[in-house]
Amino acid sequence: MPELPEVETVRSGLASLVVGSTVTGVQVFRPSCVRLQQGGEGEFAMRLHGMVLDAVVRRGKFLWIPLAEAEDAGSAHTPAMALSAHLGMSGQFRVFEGDPPEPHSHCRARLHLESPDGPRTVDFLDQRTFGYLVAERMQPTPDGLPGGHGSALPAVPHTVAHIARDALDPAADDGHIVSRIRRGSRGIKQVLLDQTVVSGVGNIYADEALWAARIHPQRPAEAVSTPQARALLAAVRTVMTRALAQGGTSFDALYVNINGESGYFSRELAAYGRAGQPCERCGGLIVREHIGGRSTHWCPRCQRRYGPQASRN
DNA sequence: AGTAGCACCTGATTGC
DNA sequence: TGCAATCAGGTGCTAC
């Protein structure tokens, strides 16, 4: 599943292939992929047509492409609009140079571009259709700092305004994240998955970070100490940084891929998908349980529910 | 306000 | 063999 490292791989691949291109045509094969667009696919196509793709930016799992008017392209003028994209569970972008092939059966939308190097085609594929595209207005960031990775613009699209900065964002406020992590009665894993607390963490890296920090996924957030919350945030960063380093090597630039389930990093997972196997730290058996509808993996021996001193799991 | 639960969706896998 | 139930899960909405 695409989490921050996978989405960043997509972002950098897309950026290298489409920035500076002009939209010359828009095809929507499945209208639900633009379900967030006010006015539907007609409005979507109209807002994109003739615009220049100025950058590819990411915050957490959210991607967007600031759209410049042709006469403003490359200038310091701040784009008012962006093409936003979320990959959901199974979204992919593929870029073709020259004549594109027939659209894949999972292709939900296709953008035709004109670049200085000739025509380009961008396909948005999404088997499970949880992903979406939307052409929408940008708004300033409250702190005046860059909205995400890939652009210095202090702006984010409307659908991203409520999403917290991600764990790898240089502008992330650790003190604020730690205090929000420790708030409330929810299980700590639920809090990690809450994109308004810290963004970019999905089901796989949540389990990995909790394992690394030795915290039970169901420990109430308010029972997590400040040092533990700091360690957990550090673990989130470590696991996503390592995954990103691997993801970066497993993709071909022309086949802009996401491949959460079979990337090289899957071999390094310590908890996720390892139910019944020994914990590599203590030898206890990793367990799997459905928590809040999500499969959750942990070591009951070294991840204690109520803290290091508790005798009960 | 904070939290829980469900809808959304399709293809692969499992069970009978 | 064939069909139906189950599973995967990120986000956003609704209900409590």
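If you bin every alpha carbon distance in the range A:64-210 into 10 Å steps from zero, what whole percent lands in each bin?
Taking every Cα pair in the range A:64-210, the percentages come to 10, 30, 33, 20, 6, 1.
Report the local net charge at A:Ala76: Lys and Arg +1, Asp and Glu -1, summed over other residues whose C-beta lies under 14 Å from its C-beta.
With Lys, Arg at +1 and Asp, Glu at -1, the net is -4.
Can you give the helix-only mean residue ellipticity at 222 nm for chain A, where every DSSP H stretch with n ≥ 4 adds -39500 (n - 2.57) and the sum goes over all residues, rounded to the nearest 500 deg cm²/dmol?
About -7000 deg cm²/dmol.
Cα-based Rg of the range A:37-79 per 2.2 N^0.38 Å, rounded to two decimals?
Taking N as the residue count of the range A:37-79, the ratio is 1.29.
Ignoring solvent entirely, what values of log10 I(q)/I(0) come out of the Debye formula for the range A:1-81 at 0.13, 0.21, 0.23 Å⁻¹ when each Cα is a single scatterer?
-0.46, -1.12, -1.21
Quick one: helix A:203-213 against the long Cα principal axis of chain A, what's the angle to the nearest 10°, folded into 0 to 90?
The two axes meet at around 40 degrees.
Which percent, to the nearest 5, of DSSP beta bridges fully inside the range A:50-208 are antiparallel?
95
Below 8 Å, C-alpha to C-alpha, sequence gap of six or more: please give me the relative contact order for chain A in percent.
18
What residues qualify as long-range amide H neighbours of A:Gly202, i.e. H under 5 Å apart, gap of 5 or more or another chain, H built at 1.01 Å from N?
Distant-sequence amide H within range of A:Gly202: A:Leu4.
For A:Arg304, what residues show an amide H to amide H distance below 5 Å, using hydrogens built from the backbone and excluding near sequence neighbours?
A:His216
What list of ³J(HN,Hα) values in whole Hz, one per residue of the range A:122-132 in order, does the Karplus curve 6.51 cos²θ - 1.76 cosθ + 1.60 (θ = phi - 60°) give from phi, with Gly and Pro shown as x?
10, 9, 9, 9, 6, 4, 8, 6, 7, x, 7
What list of ³J(HN,Hα) values in whole Hz, one per residue of the range A:170-178 in order, does the Karplus curve 6.51 cos²θ - 1.76 cosθ + 1.60 (θ = phi - 60°) give from phi, with Gly and Pro shown as x?
x, 8, 5, 9, 4, x, 5, 4, 4
Quote to one decimal, in nm, the extra length available between A:Leu36 and A:Ala275 on full extension: 0.36 nm per residue of separation minus the C-alpha distance between them.
Net length gain for the segment: 82.3 nm.
Counting pairs of alpha carbon atoms under 8 Å apart in space and at least six apart in sequence, what relative contact order in percent does the range A:46-139 give?
Relative contact order here is 28 percent.
At q = 0.24, 0.30, 0.31 Å⁻¹, what is the log10 ratio I(q)/I(0) for the range A:88-137, with the Debye formula run over Cα points and no solvent?
Debye intensities relative to I(0), on a log10 scale: -0.89, -1.10, -1.14.
Name the long-range amide H neighbours of A:His106: under 5 Å, sequence gap of 5 or more, or other chain; modelled H, no Pro or chain starts.
So A:His106 has HN proximity to no qualifying residue.
Return the single residue from A:Gly20, A:Gly42, A:Gly150 with maximal mean-square fluctuation; model: Gaussian network over chain A, springs between Cα atoms under 10 Å.
A:Gly42
Provide the per-residue ³J(HN,Hα) series for the range A:155-168, in order, calculated from phi with Karplus coefficients 6.51, -1.76, 1.60 and θ = phi - 60°, each as a whole number of Hz, with x at glycine and proline positions.
8, 9, x, 3, 6, 9, 4, 8, 8, 5, 4, 7, 5, 9
Determine, at each q value in 0.14, 0.20, 0.22 (inverse angstroms), the log₁₀ of I(q)/I(0) that the Debye formula gives when each Cα of the range A:41-117 is one equal point scatterer.
Cα-only, vacuum Debye calculation for the range A:41-117: -0.55, -1.11, -1.28.
In debye, nearest 20, what is the charge dipole magnitude of chain A about its Cα centre with +1 on Lys and Arg Cβ and -1 on Asp and Glu Cβ, if you could check?
In debye, rounded to 20, chain A gives about 1960.
Report, to the nearest 10°, how far helix A:4-18 tilts away from the longest principal axis of the Cα atoms in chain A, using its own Cα long axis and a range of 0 to 90°.
Taking the Cα atoms of chain A, the angle to A:4-18 is about 20 degrees.
Got the relative contact order for the range A:186-243 handy, in percent, Cα pairs under 8 Å and 6 or more residues apart?
Here the relative contact order equals 39 percent.
Around A:Gly187, under 14 Å between beta carbons, what's the net of Lys plus Arg minus Asp minus Glu among the other residues?
That works out to +4.
Read the figures in this text as sums done on the coordinates, not as results from a lab. Predicted model only: the values in this text are computed from it and were never measured. Note that we place each Cβ from the backbone using ideal geometry, even for glycine, and neighbour counts take in every protein chain shown.
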